Amino acid sequence: MQEFEKDIVPETADGNPPELSAAVPEESAPSLEELLRQAESKAEECHDAWLRAKAETENVRRRAQEDIAKASKFAIERFAGELLPVKDSLEAALAAENLGLESLKDGCELTLKQLAAAFEKSGMKEIDPAGEKFDPHFHQAISLIESDQEADTVVTVLQKGYLIAERVLRPALVIVARPKEIRPENPA
């Protein structure tokens with residue numbers, strides 16, 4: 001039986017089958033030391049790339065924090081610039097002497113228009129819900145009163161509310177209509 005196996009799988013001088021000896025000659029195979037050096041080199045490259053990526057991430061985080069700090073510090077700058085003409089108008093009105101009631105009223109109306117324009121440029125919107133359905137997201141009910149209006153309708157606006165970019169800055173203070181009480185009729 002051994003002779004039969006030797007015929008099927010011939011051996012070379014080193015005792016290996018010829019296909020294995022030819023496929024991996026000893027001279028061309030990298031040594032373990034060479035493989036270790038290559039692995040250490042690759043590990044060093046990966047470590048260096050990781051350190052660079054980590055440093056870049058820290059720089060981006062630091063820059064973002066600086067940008068956030070600057071944005072919050074100077075966020076009011078544009079709005080303040082819009083309010084300066086309003087302040088100038090009020091100071092001019094107070095500095096003027098012998099103003100008549102009519103000219104004082106006209107000056108106040110113009111100053112109010114300047115203020116409304118500044119609000120509009122800054123994205124502020126007025127909430128004036130008279131006659132609208134009560135909405136607790138935008139209105140704050142101070143009291144309920146009986147009214148001819150439909151229940152849960154704003155009857156009186158005590159103080160207008162304001163939005164900045166669809167976010168409530170101040171809710172409108174309102175009085176709301178309550179449902180009329182049904183009173184039993186007297187069967188007299």
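The values are calculated or read from the model by the stated rules, or taken from the named source; none is laboratory data. What you see is a predicted model; the values in this text were computed from it and never measured. Please note: Cβ atoms are built from the backbone with ideal geometry, for glycine as well, and neighbour counts cover all protein chains shown. Just so you know, the surface numbers come from the protein's heavy atoms only, side chains and all, with ligands and any DNA or RNA stripped out. Shrake-Rupley method; radii C 1.70, N 1.55, O 1.52, S 1.80 Å.
Annotations
- Residue match in the stretch 107-123 (condition: over 26 Å from ALA75 (Cβ atoms), in a helix (DSSP H, G or I) and open to solvent by less than 70 Å² (accessible area, probe 1.4 Å)): yes
- Failed condition for ALA96, given (1) surrounded by 15 or more Cβ atoms within 10 Å (Cβ to Cβ); (2) of a type outside the set (Val, Ile, Thr); (3) over 25 Å from the mean Cα position of the chain (by Cα): (1)
- Residue match in the stretch 126-136 (condition: free of Cβ contacts under 8 Å to residues at least 24 places away in the same chain, within 28 Å of the chain's Cα centre (by Cα) and farther than 25 Å from LYS113 by Cβ): yes
- The number of residues in the stretch 54-92 being open to solvent by 100 Å² or more (accessible area, probe 1.4 Å) and within 18 Å of the chain's Cα centre (by Cα) comes to 8.
- Which numbered condition ALA177 misses (of (1) surrounded by 15 or more Cβ atoms within 10 Å (Cβ to Cβ); (2) modelled with pLDDT under 90; (3) not hydroxyl-bearing (Ser, Thr, Tyr)): (2)
- Selected residue (only one of GLU126, GLU102, GLU150 is in a helix (DSSP H, G or I) and either of a type in the set (Phe, Trp, Tyr) or open to solvent by 90 Å² or more (accessible area, probe 1.4 Å) (or both)): GLU102
- Within the stretch 169-182, residues that are of a type in the set (Val, Ile, Thr) reach partners that are in a loop (DSSP other than H, G, I, E, B) with beta carbons closer than 8 Å, at six or more positions or on different chains, in the pairs VAL174/PRO129; VAL174/PHE134; VAL176/PHE134; VAL176/ASP152.
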